[in-house]
Amino acid sequence: MVFDTDDSLQPSDGDRTTETTPVSRRRALQVGIVTAVSLAGCLDTDSSDPNGESDTESESSSDGDGSEGEGSDSDEGPLTVVYAFLEAAADEDLDRMSELSHSHNPLDPAAWVEDGWEFRGGGDEEDLEGLDAEVIDDDATVEDVFELEGAAFWFEEDELAETLEGADMATVEVTVDDPTEDDTVWMLATEDGEWRYLFSAPIDDTPDDPEAVFEEPIEDENDDVVVEIDWEYDSPTSDVPQAAVVLTDERGVDANRIEVESTMEGASTGAFDRDDDEFTATWEDMTLYIAYDTDGDQIVVTAINEEENESEVVHREHYEP
């Protein structure tokens, strides 16, 4: 699933740089929305559980393993809510996703669409087959929420504690077989006697020595796509460390889309050719801004030819503090 506005990736004809949204906000969106539902195949489920069996309900109602909590009147335990939310995401059912969200979930997809963002989801039902969810704490607290990346961006601790006073809370760990996907931690809380999805974030599995997992650098020697990466870029809108990826003013590859990723930080951005009634633009002669981990990171730039369904890593550069 992607939430995006039309101008979030590339500018109009009169603006050749892209930084319309503060990086901290975009990073929080990636953490809270994209990561949560990408497990359902929504970046690019059979309503049974991911193992192909219909034991989700029994798992979610068993003692100490997805129990619904003493204060909950719902037959839907935490695990059932997680699976149902992921299935709704794959089905692009915003109403169901919103129904399963806590009223204080800052990333309720229906609310973001109402605010002018675009939901681009969908997937196939096989995407849940390699997913496993487990209640790891059926007596969670507000403090546990703030252990998750991005929580402090969206919540005030005292305010959230007051909001959730008397509610049951649970922590669910969602793991996937796909090595390209992040495992995540979901926080659920009861509201009006029903378990609801409150927040989620990826599990931090950053290695102690990032350089040990770096791949070999690739230099775009001919400036086919990348002119340079400025690791010292000073953003006027955010204190989050960012690199400026300067793209060439004349392309040397047959590609209509460019994607940029920082491996350790997990941020991504991109640019693409566009020609419609709203505006015409290309990815050439642009600067893209991306957050990176100052403890060590690598930025990977990929050129994509969507018509031929081909992609190529054209530049890979390391940041070593």
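Just to be sure I understand, how many residues within region 294-316 are open to solvent by less than 50 Å² (accessible area, probe 1.4 Å) and in contact with a Pro (Cβ under 6 Å, 6 or more places away or on another chain)?
Selection size over region 294-316: 2.
Tell me which of these THR280 doesn't satisfy, since it passes every other one: (1) β-branched (Val, Ile, Thr); (2) over 30 Å from GLU147 (Cβ atoms); (3) in contact with a Pro (Cβ under 6 Å, 6 or more places away or on another chain).
Here THR280 meets the rest and fails (3).
For region 147-194, give me the residue count where each residue is in contact with a Phe, Trp or Tyr (Cβ under 9 Å, 6 or more places away or on another chain), open to solvent by 50 Å² or more (accessible area, probe 1.4 Å) and not in a helix (DSSP H, G or I).
1
Mind counting the residues in region 275-294 that are closer than 28 Å to PHE214 by Cβ, part of a loop (DSSP other than H, G, I, E, B) and polar (S, T, N, Q)?
1
Kindly evaluate ALA255 against the criterion of being of a type in the set (A, V, I, L, M, F, W, C), open to solvent by less than 20 Å² (accessible area, probe 1.4 Å), not in a strand (DSSP E or B) and not assigned by the TED database to the domain that holds ASP144.
Criteria met by ALA255.
Looking only at region 267-278, which residues are open to solvent by 40 Å² or more (accessible area, probe 1.4 Å) and within 16 Å of GLN242 (Cα to Cα)?
SER268 - this is the single residue of region 267-278 that is open to solvent by 40 Å² or more (accessible area, probe 1.4 Å) and within 16 Å of GLN242 (Cα to Cα).
Starting from residues that are in contact with an Asp or Glu (Cβ under 7 Å, 6 or more places away or on another chain) and modelled with pLDDT under 80, keep the ones in region 99-118 and report whichever is least open to solvent (accessible area, probe 1.4 Å).
TRP117
So which of ALA281, ALA291 is surrounded by 14 or more Cβ atoms within 10 Å (Cβ to Cβ), within 30 Å of VAL176 (Cβ to Cβ) and not aromatic (Phe, Trp, Tyr)?
ALA291
The values are calculated or read from the model by the stated rules, or taken from the named source; none is laboratory data. Just so we're clear, the structure is a prediction, and the values are computed from it rather than from any experiment. Every residue, glycine among them, receives a Cβ derived from its backbone with ideal geometry; neighbour counts consider all protein chains shown. We work out accessible area using only protein heavy atoms, side chains counted, and drop any ligands, DNA or RNA first. Shrake-Rupley method; radii C 1.70, N 1.55, O 1.52, S 1.80 Å.
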